[in-house]
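The values are calculated or read from the model by the stated rules, or taken from the named source; none is laboratory data. Nothing here was measured: the structure is a model prediction, and the numbers come from that model. With ideal geometry, Cβ positions are generated from the backbone for all residues, glycine too; neighbour counts draw on all protein chains shown.
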Amino acid sequence: MAIRERLSGNEAVATAFKQLELDVVAAYPITPSTEVPQYFSQFVANGTVETEFMAVESEHSAMSACIAAAAAGGRAATATSACGLALMWELLYVASGTRVPVTLAVINRSLSAPININNDHSDSMGARDSGWIQIYSENNQEAYDNQLMSVRIAEHPDVQLPVMVCQDGFITSHAIENIELLSDDEVKKFAGEFNPPWSLLAGKPVSVGPLDIPQFYFEHAYQRAQAIKDSKKVILEVFKEFGGLTGRNYGFFEEYKMEDAERVIVILNSTAGTAKVVCDELRAKGEKVGVLKLRLFRPFPMEEIAKALSHVKAVAVMDKADSFSGIGGPVFTDVRSSCYDLADRPHLINYIYGLGGRDVRMEDIKTVYAALDEVVKTGNPGEIYRHVGVRGV
(Lines give C-alpha, C1' and ligand atoms only; values in the text may rest on other atoms or scores of the structure.)
Protein backbone atom coordinates (compact mmCIF):
# COMPACT_ATOMS: atom_id res chain seq x y z
CA MET A 1 0.00 0.00 0.00
CA ALA A 2 1.30 3.44 -0.93
CA ILE A 3 2.45 5.67 1.91
CA ARG A 4 1.62 9.31 1.23
CA GLU A 5 4.31 11.76 2.30
CA ARG A 6 5.62 15.26 1.64
CA LEU A 7 9.35 15.19 0.96
CA SER A 8 12.02 17.17 -0.81
CA GLY A 9 13.89 15.42 -3.59
CA ASN A 10 16.96 15.03 -1.39
CA GLU A 11 14.94 13.58 1.47
CA ALA A 12 13.23 11.21 -0.97
CA VAL A 13 16.63 9.89 -2.10
CA ALA A 14 17.83 9.52 1.50
CA THR A 15 14.62 7.62 2.27
CA ALA A 16 15.28 5.29 -0.66
CA PHE A 17 18.82 4.70 0.67
CA LYS A 18 17.33 3.82 4.06
CA GLN A 19 14.70 1.45 2.70
CA LEU A 20 17.28 -0.32 0.55
CA GLU A 21 19.21 -1.13 3.73
CA LEU A 22 22.52 -0.32 2.05
CA ASP A 23 25.66 -1.82 3.52
CA VAL A 24 27.80 1.28 3.01
CA VAL A 25 27.10 4.94 2.31
CA ALA A 26 30.23 7.06 1.95
CA ALA A 27 29.78 10.76 1.35
CA TYR A 28 31.30 14.21 1.46
CA PRO A 29 29.03 17.28 1.53
CA ILE A 30 28.62 19.62 -1.42
CA THR A 31 25.71 21.91 -2.27
CA PRO A 32 22.99 21.03 -3.27
CA SER A 33 23.46 17.31 -2.51
CA THR A 34 24.53 17.82 1.12
CA GLU A 35 21.07 17.04 2.48
CA VAL A 36 21.15 13.48 1.15
CA PRO A 37 23.96 12.27 3.47
CA GLN A 38 22.71 14.66 6.15
CA TYR A 39 19.27 13.06 6.26
CA PHE A 40 20.76 9.59 5.90
CA SER A 41 23.26 10.09 8.73
CA GLN A 42 20.31 10.93 10.98
CA PHE A 43 18.71 7.59 10.07
CA VAL A 44 21.97 5.88 11.05
CA ALA A 45 22.32 7.87 14.26
CA ASN A 46 18.83 7.06 15.48
CA GLY A 47 19.19 3.36 14.69
CA THR A 48 16.63 3.29 11.86
CA VAL A 49 19.18 1.61 9.60
CA GLU A 50 22.37 -0.35 10.28
CA THR A 51 24.32 0.96 7.30
CA GLU A 52 28.02 1.75 7.76
CA PHE A 53 28.05 5.52 7.18
CA MET A 54 31.47 6.89 6.24
CA ALA A 55 32.11 10.63 6.43
CA VAL A 56 35.17 10.77 4.20
CA GLU A 57 37.59 13.59 3.37
CA SER A 58 36.55 14.14 -0.27
CA GLU A 59 34.26 12.98 -3.04
CA HIS A 60 37.19 11.08 -4.54
CA SER A 61 37.40 9.13 -1.30
CA ALA A 62 33.63 8.64 -1.20
CA MET A 63 33.61 6.87 -4.56
CA SER A 64 36.76 4.93 -3.64
CA ALA A 65 35.05 3.63 -0.51
CA CYS A 66 31.91 2.69 -2.44
CA ILE A 67 33.92 0.79 -5.05
CA ALA A 68 35.77 -1.13 -2.34
CA ALA A 69 32.53 -1.92 -0.51
CA ALA A 70 30.85 -3.17 -3.67
CA ALA A 71 33.91 -5.25 -4.58
CA ALA A 72 33.66 -6.84 -1.15
CA GLY A 73 30.07 -7.86 -1.86
CA GLY A 74 28.17 -5.00 -0.26
CA ARG A 75 25.52 -2.60 -1.52
CA ALA A 76 27.04 0.87 -1.65
CA ALA A 77 25.84 4.32 -2.66
CA THR A 78 26.73 7.97 -2.40
CA ALA A 79 25.51 11.38 -3.53
CA THR A 80 27.22 14.41 -4.99
CA SER A 81 26.96 17.46 -7.22
CA ALA A 82 29.01 19.49 -9.67
CA CYS A 83 32.65 19.83 -8.55
CA GLY A 84 32.16 16.82 -6.29
CA LEU A 85 31.36 14.69 -9.32
CA ALA A 86 34.35 16.21 -11.10
CA LEU A 87 36.59 15.21 -8.19
CA MET A 88 35.24 11.65 -8.52
CA TRP A 89 36.18 11.62 -12.20
CA GLU A 90 39.01 9.09 -12.01
CA LEU A 91 36.90 6.75 -9.90
CA LEU A 92 33.86 6.93 -12.20
CA TYR A 93 35.88 5.05 -14.78
CA VAL A 94 37.27 2.69 -12.15
CA ALA A 95 33.74 1.83 -10.99
CA SER A 96 32.49 0.99 -14.46
CA GLY A 97 35.75 -0.69 -15.49
CA THR A 98 35.71 -2.99 -12.48
CA ARG A 99 31.99 -3.66 -13.06
CA VAL A 100 30.87 -2.83 -9.51
CA PRO A 101 27.16 -1.93 -9.17
CA VAL A 102 27.57 1.28 -7.14
CA THR A 103 24.62 3.69 -7.27
CA LEU A 104 25.05 7.45 -7.19
CA ALA A 105 22.52 10.23 -6.63
CA VAL A 106 23.63 13.21 -8.72
CA ILE A 107 21.95 16.45 -7.67
CA ASN A 108 22.66 18.38 -10.84
CA ARG A 109 24.58 21.64 -10.49
CA SER A 110 26.70 23.76 -12.80
CA LEU A 111 30.47 23.34 -12.88
CA SER A 112 32.91 26.18 -12.19
CA ALA A 113 34.25 28.58 -13.29
CA PRO A 114 32.91 31.13 -12.53
CA ILE A 115 31.67 29.36 -9.41
CA ASN A 116 27.93 28.77 -9.39
CA ILE A 117 25.92 26.60 -7.02
CA ASN A 118 22.74 26.50 -9.08
CA ASN A 119 21.30 23.98 -11.49
CA ASP A 120 22.27 22.88 -14.91
CA HIS A 121 23.38 19.50 -16.27
CA SER A 122 27.04 20.16 -16.97
CA ASP A 123 28.17 17.77 -14.23
CA SER A 124 26.38 14.57 -15.25
CA MET A 125 26.55 15.36 -18.97
CA GLY A 126 30.30 15.69 -18.64
CA ALA A 127 30.31 12.16 -17.20
CA ARG A 128 28.12 10.71 -19.93
CA ASP A 129 30.91 8.63 -21.47
CA SER A 130 32.33 7.20 -18.24
CA GLY A 131 30.53 3.86 -18.58
CA TRP A 132 27.73 4.65 -16.11
CA ILE A 133 24.03 4.14 -16.77
CA GLN A 134 22.28 7.51 -16.42
CA ILE A 135 18.62 8.00 -15.47
CA TYR A 136 17.03 11.46 -15.17
CA SER A 137 14.16 12.52 -12.91
CA GLU A 138 11.54 15.19 -13.62
CA ASN A 139 10.25 15.40 -10.05
CA ASN A 140 10.70 14.09 -6.50
CA GLN A 141 8.59 11.00 -7.13
CA GLU A 142 10.75 9.98 -10.04
CA ALA A 143 13.93 10.65 -8.05
CA TYR A 144 12.71 8.25 -5.36
CA ASP A 145 11.47 5.61 -7.80
CA ASN A 146 14.59 5.78 -9.97
CA GLN A 147 16.83 5.37 -6.95
CA LEU A 148 15.01 2.17 -5.94
CA MET A 149 15.11 0.77 -9.47
CA SER A 150 18.78 1.67 -9.98
CA VAL A 151 19.90 -1.03 -7.55
CA ARG A 152 18.06 -3.77 -9.41
CA ILE A 153 19.43 -2.55 -12.74
CA ALA A 154 23.03 -2.20 -11.53
CA GLU A 155 23.14 -5.61 -9.88
CA HIS A 156 21.59 -7.63 -12.69
CA PRO A 157 24.00 -10.34 -13.90
CA ASP A 158 23.72 -9.09 -17.49
CA VAL A 159 24.62 -5.54 -16.44
CA GLN A 160 26.95 -5.26 -13.42
CA LEU A 161 27.51 -1.56 -14.01
CA PRO A 162 27.18 1.52 -11.82
CA VAL A 163 24.11 3.75 -12.15
CA MET A 164 23.69 7.46 -11.52
CA VAL A 165 20.23 8.89 -10.87
CA CYS A 166 20.03 12.60 -11.65
CA GLN A 167 17.66 15.30 -10.46
CA ASP A 168 17.79 19.11 -10.64
CA GLY A 169 19.55 20.87 -7.81
CA PHE A 170 17.32 23.13 -5.69
CA ILE A 171 14.46 22.87 -8.21
CA THR A 172 13.50 19.38 -7.08
CA SER A 173 16.19 18.57 -4.52
CA HIS A 174 14.97 21.20 -2.05
CA ALA A 175 11.35 21.63 -3.12
CA ILE A 176 8.81 19.69 -1.07
CA GLU A 177 6.23 17.75 -3.07
CA ASN A 178 3.60 15.13 -2.40
CA ILE A 179 5.09 11.70 -2.91
CA GLU A 180 4.05 8.08 -2.58
CA LEU A 181 6.48 5.77 -0.81
CA LEU A 182 6.56 2.02 -0.76
CA SER A 183 6.64 0.26 2.58
CA ASP A 184 10.00 -0.94 3.86
CA ASP A 185 8.93 -4.55 3.30
CA GLU A 186 7.90 -3.84 -0.30
CA VAL A 187 11.26 -2.21 -1.01
CA LYS A 188 13.13 -5.08 0.59
CA LYS A 189 11.22 -7.61 -1.51
CA PHE A 190 11.65 -5.59 -4.72
CA ALA A 191 15.38 -5.02 -4.24
CA GLY A 192 16.09 -8.62 -3.26
CA GLU A 193 19.45 -9.85 -2.05
CA PHE A 194 22.70 -8.71 -3.60
CA ASN A 195 24.53 -11.79 -4.84
CA PRO A 196 27.63 -10.60 -6.71
CA PRO A 197 29.39 -13.06 -9.04
CA TRP A 198 32.58 -12.29 -7.10
CA SER A 199 33.48 -11.04 -3.66
CA LEU A 200 36.73 -10.23 -1.94
CA LEU A 201 35.28 -11.93 1.12
CA ALA A 202 34.12 -15.13 -0.59
CA GLY A 203 37.26 -17.15 0.12
CA LYS A 204 38.46 -17.14 -3.49
CA PRO A 205 41.50 -15.05 -4.44
CA VAL A 206 40.32 -12.22 -6.71
CA SER A 207 42.11 -9.20 -8.13
CA VAL A 208 39.86 -6.17 -8.67
CA GLY A 209 41.07 -3.43 -11.00
CA PRO A 210 44.53 -4.86 -11.78
CA LEU A 211 46.94 -3.65 -14.44
CA ASP A 212 45.37 -4.46 -17.81
CA ILE A 213 48.00 -4.71 -20.53
CA PRO A 214 47.11 -4.38 -24.26
CA GLN A 215 46.56 -8.12 -24.58
CA PHE A 216 43.48 -7.88 -22.30
CA TYR A 217 42.28 -4.27 -21.93
CA PHE A 218 40.41 -4.11 -25.24
CA GLU A 219 38.41 -7.24 -24.44
CA HIS A 220 37.36 -5.85 -21.08
CA ALA A 221 36.35 -2.55 -22.70
CA TYR A 222 34.29 -4.53 -25.23
CA GLN A 223 32.56 -6.44 -22.45
CA ARG A 224 31.64 -3.16 -20.77
CA ALA A 225 30.21 -1.84 -24.05
CA GLN A 226 28.16 -5.01 -24.46
CA ALA A 227 26.87 -4.70 -20.90
CA ILE A 228 25.66 -1.17 -21.64
CA LYS A 229 23.80 -2.47 -24.71
CA ASP A 230 22.36 -5.43 -22.79
CA SER A 231 21.19 -3.13 -20.00
CA LYS A 232 18.39 -1.70 -22.15
CA LYS A 233 16.42 -4.93 -21.93
CA VAL A 234 17.06 -5.22 -18.21
CA ILE A 235 16.03 -1.61 -17.61
CA LEU A 236 12.68 -2.16 -19.32
CA GLU A 237 12.12 -5.35 -17.32
CA VAL A 238 12.80 -3.53 -14.04
CA PHE A 239 10.59 -0.60 -15.10
CA LYS A 240 7.76 -3.02 -15.91
CA GLU A 241 8.06 -4.87 -12.61
CA PHE A 242 8.12 -1.59 -10.70
CA GLY A 243 5.06 -0.39 -12.61
CA GLY A 244 3.19 -3.54 -11.64
CA LEU A 245 4.07 -2.88 -8.01
CA THR A 246 3.27 0.83 -7.88
CA GLY A 247 1.08 1.70 -10.87
CA ARG A 248 3.77 4.18 -11.96
CA ASN A 249 4.86 3.06 -15.41
CA TYR A 250 8.16 4.21 -16.84
CA GLY A 251 9.97 3.84 -20.14
CA PHE A 252 13.14 5.10 -21.77
CA PHE A 253 11.24 8.33 -22.33
CA GLU A 254 7.79 9.80 -21.88
CA GLU A 255 5.77 10.78 -24.96
CA TYR A 256 3.48 13.69 -24.09
CA LYS A 257 0.77 14.42 -26.66
CA MET A 258 2.96 13.02 -29.40
CA GLU A 259 0.33 11.08 -31.37
CA ASP A 260 -0.23 13.70 -34.08
CA ALA A 261 2.45 16.20 -33.10
CA GLU A 262 4.23 18.07 -35.87
CA ARG A 263 6.50 20.16 -33.62
CA VAL A 264 8.21 18.50 -30.66
CA ILE A 265 10.54 19.55 -27.89
CA VAL A 266 12.96 16.92 -26.55
CA ILE A 267 14.01 17.69 -23.00
CA LEU A 268 14.85 16.06 -19.66
CA ASN A 269 14.51 16.63 -15.91
CA SER A 270 12.38 19.32 -14.27
CA THR A 271 11.96 21.67 -17.25
CA ALA A 272 9.91 18.94 -18.90
CA GLY A 273 7.10 19.95 -16.56
CA THR A 274 7.19 23.54 -17.85
CA ALA A 275 7.26 22.28 -21.43
CA LYS A 276 4.15 20.15 -20.79
CA VAL A 277 2.23 23.17 -19.46
CA VAL A 278 3.12 25.20 -22.54
CA CYS A 279 2.24 22.24 -24.74
CA ASP A 280 -1.21 22.08 -23.14
CA GLU A 281 -1.74 25.79 -23.70
CA LEU A 282 -0.78 25.60 -27.37
CA ARG A 283 -2.82 22.44 -27.87
CA ALA A 284 -5.87 24.32 -26.57
CA LYS A 285 -5.30 26.76 -29.45
CA GLY A 286 -5.21 23.93 -31.98
CA GLU A 287 -1.45 23.69 -32.43
CA LYS A 288 -0.02 20.23 -33.02
CA VAL A 289 2.83 20.26 -30.52
CA GLY A 290 4.28 17.63 -28.22
CA VAL A 291 7.01 16.90 -25.69
CA LEU A 292 9.37 13.96 -25.55
CA LYS A 293 10.90 13.76 -22.08
CA LEU A 294 14.05 11.66 -21.93
CA ARG A 295 14.48 9.55 -18.81
CA LEU A 296 17.33 7.29 -19.92
CA PHE A 297 20.40 8.98 -21.39
CA ARG A 298 22.94 6.17 -21.03
CA PRO A 299 22.53 3.81 -22.72
CA PHE A 300 20.96 6.09 -25.29
CA PRO A 301 17.71 4.64 -26.74
CA MET A 302 18.61 5.41 -30.35
CA GLU A 303 16.16 3.21 -32.25
CA GLU A 304 13.27 4.05 -29.95
CA ILE A 305 13.90 7.81 -30.21
CA ALA A 306 14.05 7.60 -33.99
CA LYS A 307 10.73 5.76 -34.11
CA ALA A 308 9.06 8.25 -31.76
CA LEU A 309 10.18 11.20 -33.91
CA SER A 310 9.67 9.58 -37.32
CA HIS A 311 6.33 11.32 -37.98
CA VAL A 312 7.39 14.75 -36.70
CA LYS A 313 8.19 17.70 -38.96
CA ALA A 314 10.48 19.72 -36.69
CA VAL A 315 12.24 18.99 -33.40
CA ALA A 316 13.95 21.26 -30.91
CA VAL A 317 16.31 19.48 -28.53
CA MET A 318 16.86 21.50 -25.37
CA ASP A 319 20.17 21.04 -23.55
CA LYS A 320 20.85 22.36 -20.04
CA ALA A 321 24.55 21.82 -20.70
CA ASP A 322 26.85 22.82 -23.51
CA SER A 323 29.41 20.49 -25.00
CA PHE A 324 31.41 23.50 -26.25
CA SER A 325 31.87 21.74 -29.55
CA GLY A 326 30.37 24.58 -31.54
CA ILE A 327 27.74 22.26 -33.03
CA GLY A 328 25.33 21.72 -30.15
CA GLY A 329 24.77 20.19 -26.73
CA PRO A 330 25.16 16.53 -25.75
CA VAL A 331 21.48 15.55 -25.96
CA PHE A 332 21.11 17.23 -29.34
CA THR A 333 24.03 15.43 -30.95
CA ASP A 334 22.70 12.04 -29.84
CA VAL A 335 19.12 12.75 -30.90
CA ARG A 336 20.27 14.08 -34.27
CA SER A 337 22.44 11.02 -34.82
CA SER A 338 19.48 8.78 -33.93
CA CYS A 339 17.34 10.37 -36.64
CA TYR A 340 20.00 10.25 -39.36
CA ASP A 341 18.82 6.99 -40.94
CA LEU A 342 15.15 7.96 -41.07
CA ALA A 343 13.86 8.07 -44.63
CA ASP A 344 11.89 11.23 -43.87
CA ARG A 345 13.69 12.70 -40.91
CA PRO A 346 12.51 15.86 -39.18
CA HIS A 347 14.39 19.14 -39.15
CA LEU A 348 16.33 19.37 -35.89
CA ILE A 349 17.56 22.42 -34.05
CA ASN A 350 19.26 22.78 -30.67
CA TYR A 351 18.67 25.22 -27.83
CA ILE A 352 21.06 25.64 -24.92
CA TYR A 353 19.09 26.93 -21.94
CA GLY A 354 19.16 27.52 -18.19
CA LEU A 355 22.92 27.44 -17.63
CA GLY A 356 23.99 28.35 -14.11
CA GLY A 357 20.41 28.20 -12.88
CA ARG A 358 18.95 30.79 -15.26
CA ASP A 359 15.16 30.64 -14.94
CA VAL A 360 13.34 28.93 -17.79
CA ARG A 361 10.02 30.66 -18.30
CA MET A 362 6.96 29.58 -20.21
CA GLU A 363 7.75 32.41 -22.63
CA ASP A 364 11.10 30.77 -23.39
CA ILE A 365 9.41 27.47 -24.25
CA LYS A 366 6.89 29.35 -26.41
CA THR A 367 9.81 30.97 -28.23
CA VAL A 368 11.17 27.52 -29.05
CA TYR A 369 7.81 26.27 -30.35
CA ALA A 370 7.46 29.46 -32.43
CA ALA A 371 10.89 28.85 -33.95
CA LEU A 372 9.80 25.32 -34.86
CA ASP A 373 6.70 26.75 -36.51
CA GLU A 374 8.94 28.91 -38.69
CA VAL A 375 11.07 25.89 -39.58
CA VAL A 376 7.96 23.94 -40.65
CA LYS A 377 6.64 26.83 -42.76
CA THR A 378 9.90 27.57 -44.55
CA GLY A 379 11.47 24.10 -44.61
CA ASN A 380 14.69 25.80 -43.53
CA PRO A 381 16.10 25.06 -40.05
CA GLY A 382 18.39 28.08 -40.22
CA GLU A 383 20.88 28.34 -37.38
CA ILE A 384 21.12 24.91 -35.77
CA TYR A 385 23.00 25.82 -32.60
CA ARG A 386 20.97 28.34 -30.61
CA HIS A 387 20.55 29.76 -27.11
CA VAL A 388 17.37 30.85 -25.33
CA GLY A 389 17.13 33.08 -22.28
CA VAL A 390 20.49 34.81 -22.73
CA ARG A 391 20.35 38.58 -22.23
CA GLY A 392 20.99 40.47 -25.43
CA VAL A 393 20.59 37.39 -27.66
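Here are some conditions: (1) within 14 Å of Arg295 (Cα to Cα); (2) outside the structural domain of Asp359 (by TED's automatic domain parsing); (3) in contact with a Gly (Cβ under 8 Å, 6 or more places away or on another chain); (4) in contact (Cβ under 8 Å) with a residue 40 or more places away in the chain. Leu236 meets all but one. Which one does it not meet?
Only one criterion is unmet by Leu236, namely (4).
Here are some conditions: (1) among the hydrophobic types (A, V, I, L, M, F, W, C); (2) over 30 Å from Tyr222 (Cβ atoms); (3) touching a residue at least 12 places away in the same chain (Cβ under 8 Å). Ala45 meets all but one. Which one does it not meet?
Result: Ala45 fails condition (3) only.
Among the residues that make up the range 208-223, is at least one of them of a type in the set (Gly, Ala, Ser) and touching a Leu at 6+ places or on another chain (Cβ under 8 Å)?
No, that holds for no residue.
Which fully enclosed strands (runs of 3 or more DSSP E) of the range 250-339 have 3 or more residues being within 17 Å of the chain's Cα centre (by Cα) and crowded, with 19+ Cβ neighbours inside 10 Å?
263-268, 289-294, 296-298, 314-319
How many residues are crowded, with 24+ Cβ neighbours inside 10 Å and touching a helix residue (DSSP H, G or I) at 6+ places or on another chain (Cβ under 6 Å) when one looks only at the range 154-163?
Number of matching residues: 3.
Answer yes or no: is there a residue in the range 351-365 that is over 24 Å from Asp280 (Cα atoms), surrounded by 17 or more Cβ atoms within 10 Å (Cβ to Cβ) and among the basic types (Lys, Arg).
Scanning the range 351-365 turns up no residue that is over 24 Å from Asp280 (Cα atoms), surrounded by 17 or more Cβ atoms within 10 Å (Cβ to Cβ) and among the basic types (Lys, Arg).
What about Phe194, is it free of Cβ contacts under 8 Å to residues at least 60 places away in the same chain and either in contact with an Asp or Glu (Cβ under 7 Å, 6 or more places away or on another chain) or closer than 14 Å to Arg99 by Cβ (or both)?
So Phe194 fails the test.
Tell me, please, whether a residue that is within 21 Å of Ala68 (Cα to Cα), part of a loop (DSSP other than H, G, I, E, B), under 18 Å from the mean Cα position of the chain (by Cα) and touching a residue at least 12 places away in the same chain (Cβ under 8 Å) can be found in the range 170-184.
no
If the requirement is being at pLDDT 95 or above, farther than 28 Å from Thr31 by Cα, in the same structural domain as Ala69 (by TED's automatic domain parsing) and surrounded by 15 or more Cβ atoms within 10 Å (Cβ to Cβ), which of these qualifies: Ile228, Ile179?
Ile228
Among strands (runs of 3 or more DSSP E) lying entirely in the range 1-106, which contain 2 or more residues that are in contact with a helix residue (DSSP H, G or I) (Cβ under 9 Å, 6 or more places away or on another chain) and under 19 Å from Asp184 (Cα atoms)?
3-8, 24-27, 76-80
So how many residues does the range 208-226 have that are part of a helix (DSSP H, G or I), small (Gly, Ala, Ser) and in contact with a helix residue (DSSP H, G or I) (Cβ under 9 Å, 6 or more places away or on another chain)?
Number satisfying all stated conditions: 1.
Just one of Ala14, Ala2 is at pLDDT below 95 and under 16 Å from Leu148 (Cα atoms); which is it?
Result: Ala2 is the single residue among Ala14, Ala2 that is at pLDDT below 95 and under 16 Å from Leu148 (Cα atoms).
Can you name the residue in the range 344-393 that is without any contact (Cβ under 8 Å) to a residue 24 or more places away in the chain and outside any loop (DSSP other than H, G, I, E, B) and, of all such residues, is farthest from Glu262 (Cα to Cα)?
That would be Glu363.
Would you say Gly9 is over 20 Å from the mean Cα position of the chain (by Cα), in the same structural domain as Trp198 (by TED's automatic domain parsing) and either surrounded by fewer than 24 Cβ atoms within 10 Å (Cβ to Cβ) or under 24 Å from Leu182 (Cα atoms) (or both)?
no
Which residues, taken from the range 269-292, are under 16 Å from Val360 (Cα atoms) and basic (Lys, Arg)?
Lys276
Output the residues belonging to the range 195-252 that are under 24 Å from Glu303 (Cα atoms) and small (Gly, Ala, Ser).
Matches in the range 195-252: Ala221, Ala225, Ala227, Ser231, Gly243, Gly251.
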